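Novice: Before we start, here is the structure in question, set down as structure tokens.
What follows is calculated from the coordinates using simple rules that are stated; it is not laboratory data. Predicted model, so just to flag it, every value in this text is computed and none were measured. Glycine gets a Cβ as well: all are built from the backbone with ideal geometry, and neighbour counts include every protein chain shown.
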């Protein structure tokens, strides 16, 4: 399928006006790294493409606003992967942005697009959910906020209205918090995750706190796993805890078997990867530069 | 839609259907066939060009999205029939076999070296992660990059006989 026409919007406000006028036959395109692939594969795409890729200003910015970090929907993975602010405040997202796609894909792909595309394997999604991020939505009817964890309803499906788009994402800056992202894929780069996971936590008087865990590519949607979080929260780190957490994370997976992996392998890896993240957290407390995670995965 | 672009320092204005990709516009609209189509889905990187200073898969960019941009393609590399240093290094190190990935590979490396003029081997590998070469095994390409960055002093060239 081809788009019959492309309209270039000068602002997100203009884009949502067009979406409201044209109805469900219109859709936004930013980096095009998902939509152009859908088109190539002959999958349904919007008839009218509202191109927002050339919009500049706050829609692309990554800024600290009081106790939150706000990332504009048009911020590219390249920008996030180079952001010192994101590296310091949500390393899990920083790490995911650095390994997602290829150089060329990261130069074009946007955070808003990764959310809107709603792939269960979207690499930015577990870090955003673990980081307690909120999506700020815009339509011609106004604005509303939805926690990122509540946004997804199925593969490629979100609760966004047809005339609504993601304007920005924000997450709280939690002092002393650690976060990390891991993924399992066949290739080191330029691959789609077989599964992924992100963990955020703090350590208070030797006890784990403020724990959030999210899994990718093991359910129809990126999955927050409250059972696993509850098991970790308030506990002292030890081997017995790791064993229990690994088992619980594997059980939390609702994975399927597809071209990339099997349900069983994905479930097993959930346990392995969440345990590895917890271990990395404790190790990084002794290497507070926060870089160990990234270097290890790149190595 | 009428597309205005500057490609390799020359201004072009041309009508193109909205649904054309930038790749198709370059090849069929402007006749610049040095940029190749491989997978057409952002996987292989054969269509890589530089748009406003950044490498992109031109198969994933719609022609209207490129309106008003500054583009660099392989046709801008050799000047007056004289190969660029990067092209000469590719030649010397046998970094070209079938040649299909080469235009894009050159563009990816060109953009990369602007921000990282003395890269490590790992950094070179990461810089070309989005460019597949099914002939060389990449080693000769990495040697060619090290040649232009002056990092191969005292190192033997691999035997390619």
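Novice: Taking Rh as the Kirkwood radius computed over C-alpha pairs, what is the Stokes-Einstein D of region B:2-76 at 20 °C in a medium of viscosity 1.002 mPa s, expressed in µm² per second? Working shown, then result.
Specialist: On the way: Rh = 11.8 Å.
It comes out at roughly 181 µm²/s.
Novice: On the Cα set of region A:5-51, report Rg and Dmax in Å, please.
Specialist: 10.5, 31
Novice: For chain B, what does the helix formula give at 222 nm: sum of -39500 (n - 2.57) over DSSP H segments with n ≥ 4, over the residue count, nearest 500 deg cm²/dmol?
Specialist: Numbers: 4 runs with 39 residues, N = 161.
Computed mean residue ellipticity for chain B: -7000 deg cm²/dmol.
Novice: Here's a follow-up. So what is the calculated 222 nm ellipticity per residue for chain A, using -39500 (n - 2.57) for each DSSP H run with n of 4 or more, over all residues, to the nearest 500 deg cm²/dmol?
Specialist: -10000 deg cm²/dmol
Novice: Sticking with this one: May I have the convex hull volume per residue, in Å³, for the Cα set of region A:161-262? Spell out each step's value before the answer.
Specialist: Numbers: hull volume 16.3 nm³, N = 102.
Given the Cα convex hull of region A:161-262, per-residue volume reads 160 Å³.
Novice: Across peptide B:64-75, how many C-beta atoms of other chains are within 10 Å of each residue C-beta, on average?
Specialist: Numbers: counts 10, 13, 2, 4, 2, 1, 0, 0, 0, 0, 0, 0.
That average works out to 3.
Novice: Let me ask something else about it. Averaging sequence separations of C-alpha pairs under 8 Å and six or more residues apart, then dividing by the length of chain A, give the relative contact order as a whole percent. Write out the running numbers ahead of the final one.
Specialist: Details: 662 pairs, mean separation 44.4, N = 299.
Result for chain A is 15 percent.
Novice: Jot down the radius of gyration and Dmax of region A:64-153, Cα atoms only, both in angstrom.
Specialist: 12.6, 37
Novice: Pulled fully out, how much extra length does the chain show between residue A:188 and residue A:233, if you take 0.36 nm times their separation in residues and subtract their Cα-Cα distance?
Specialist: 13.0 nm
Novice: Moving on. By how many degrees, 0 to 90 and rounded to 10, does the Cα axis of helix B:102-115 deviate from the longest principal axis of chain B?
Specialist: Value to nearest ten degrees: 80.
Novice: May I ask you to give the average projected area over all directions of the convex hull of the Cα atoms of region A:102-192, in nm² rounded to one decimal? Intermediate results must be reported in sequence, preceding the final value.
Specialist: Working: hull surface 27.9 nm².
That works out to 7.0 nm², a quarter of the Cα hull's surface.
Novice: What spacing in nm lies between the two simple spin-label points modelled at residue A:140 and residue A:47, each 7 Å away from Cα in the Cβ direction?
Specialist: Those two pseudo-labels are separated by 1.6 nm.
Novice: Between 0 and 90 degrees, rounded to the nearest ten: what's the tilt of helix A:263-284 against the longest Cα principal axis of chain A?
Specialist: Computed tilt is about 70 degrees.
Novice: Would you mind checking the radius of gyration and Dmax of the protein assembly as shown based on alpha-carbon positions, in Å?
Specialist: Considering the protein assembly as shown through its Cα atoms, Rg and Dmax are 22.9, 70 Å.
Novice: With all pairs of different alpha carbon atoms counted, what Kirkwood hydrodynamic radius in Å does region B:85-148 show?
Specialist: On the way: mean 1/r = 0.0879 Å⁻¹.
Taking every pair of different Cα atoms in region B:85-148, averaging 1/r and inverting gives 11.4 Å.
Novice: When ranked by the protection proxy of mean other Cβ atoms within 10 Å per residue, highest first, what sequence do the peptides A:49-56, A:257-264, A:110-117 form?
Specialist: Working: A:49-56: 21.1, A:257-264: 12.9, A:110-117: 25.5.
With the highest mean Cβ count within 10 Å placed first, the list reads A:110-117, A:49-56, A:257-264.
Novice: Take the Cα atoms of chain B, find their three principal axes, and give me the spread along each one in whole Å, biggest first.
Specialist: Principal-axis extents of the Cα atoms in chain B, largest first: 54, 30, 27 Å.
Novice: Using alpha-carbon positions, what is the distance between the centroids of region A:78-105 and region B:41-107, in Å?
Specialist: First find each Cα centre; the distance between them is then 25 Å.
Novice: FRET efficiency for residue B:125 and residue A:153, Cβ-Cβ distance as r, R0 = 45 Å, nearest 0.05? Write down the numbers at each step before the final one.
Specialist: Values: r = 39 Å, r/R0 = 0.87.
About 0.70, to the nearest 0.05.
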